[in-house]
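Reviewing the structure listed below.
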Amino acid sequence: MEETEWLAARFEQHRPRLRAAAYRMLGSMAEADDAVQDAWLRLCRSDADQIDNLGGWLTTVVARECLHTLRSRRQRREESRLPEPVVILDSDLDPEQEALLADSVGLALLVVLDRLSPAERLAFVLHDMFELPFDEIAGIVGRTPAAARQLASRARRRVNGAEIPSSDPDLVRQRQVVDAFYAASRAGDFDALVQILDPDVVLTSDLGADGQRVVVRGAAAVASQARGPHGGRLQPVLVNGVVGALITVDDQPFAVLVFTVAGDRIVAIDALRDPERVRQFADAAGIPPPPVTSPAREGS
């Protein structure tokens, strides 16, 4: 038992980094946790005393599991959809929630990473984000070190070419801009909405129906869409470290909105409206489900 506890303690030291790497490679916290758990199970079945570099060994195991998952997605030809965000109530953050935010990256970057081949994505994440040498990456993706370097280089060009907008790091200022957006939307003030939105703002909606996505571009077009559902309520949240909102209708989760704010204007809005996924995000954020009303008994 003592040896198991000692091994578990060593593993826990590496878990945050493994989780962060897996999330960047997969864009799904649930799948990232599965990959990390698989690494723990493999470690339990291995002779840990023979592992010289435990961190490197665990990173390799997690990366190979992520590569397998990404290749399986491609074989199934899954439809493109927005990655799984990290949703947290933006009040009273505890250390565990702060760690979740530290593990997350922007949705816009995850969308670009989703467009890479599995090998390109791994090479870019492991080298550019986690400084893994190409000699080690080569063994994971089954290429030579030179080929692994080329994979990362191609991925880097695509990421840089995407011109991903950077959000204002000041969460207070983000919230002020988003609150002004909500106020203008509730008031039906079209002109005020246009002023809050960047002229080139992009609204991306993931409807969850067979991976269907709808993209709307331009301040006027997005402003015309900026009406919440009748009777909807907003719960402020943080989504991958930026200001967002969980919308509920009749106490049921309806959508998650993610705002990218730059230069006192909203430059991007991502809307996730897959009911099952939104419920999962609400659960993860600690927002309780609505009470279940029992049907009346017959004859009562």
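Just so it is clear, none of the values below were taken in a lab; they were calculated from the coordinates. This one's a predicted model, so the numbers in the text were calculated from it and none came from an experiment. Methodologically, a virtual Cβ is constructed for each residue, glycine included, from the backbone with ideal geometry; neighbour enumeration extends over all protein chains shown.
Could you list which residues have their amide H under 5 Å from that of Leu132, counting only those 5 or more apart in sequence or on another chain, with H placed in the peptide plane?
His127
Run the quick spin-label model on Val216 and Asp250: label points 7 Å from Cα toward the beta carbon, then report their separation in nm to one decimal.
It is 2.3 nm.
Could you calculate the FRET efficiency of Ala180 with Phe130 from 1/(1 + (r/R0)^6), where r is the beta carbon distance between them and R0 is 22 Å, rounded to 0.05?
E between Ala180 and Phe130, to the nearest 0.05, is 0.05.
State, to one decimal in nm, how far the label point of Cys44 lies from the label point of Ser72, with both points 7 Å from Cα in the Cβ direction.
1.9 nm
Given R₀ = 45 Å, what would the calculated FRET efficiency be for Asp283 paired with Thr144, taking r from the Cβ atoms and rounding to 0.05?
0.50
Between Asp200 and Arg115, what's the calculated FRET efficiency when r is the beta-carbon distance and R0 is 25 Å? Round to 0.05.
The pair Asp200/Arg115 has a calculated efficiency of 0.80.
Quick one: which residues, 5+ away or cross-chain, put their amide H under 5 Å from the amide H of Leu89? H built at 1.01 Å from N.
Amide H to amide H, under 5 Å and 5 or more residues apart or across chains, Leu89 pairs with Leu238.
What is the extension gain from Glu5 to Val172, computed as 0.36 nm multiplied by their sequence separation minus the C-alpha to C-alpha distance, in nm to one decimal?
Stretched fully, the Glu5-Val172 segment lengthens by 55.9 nm.
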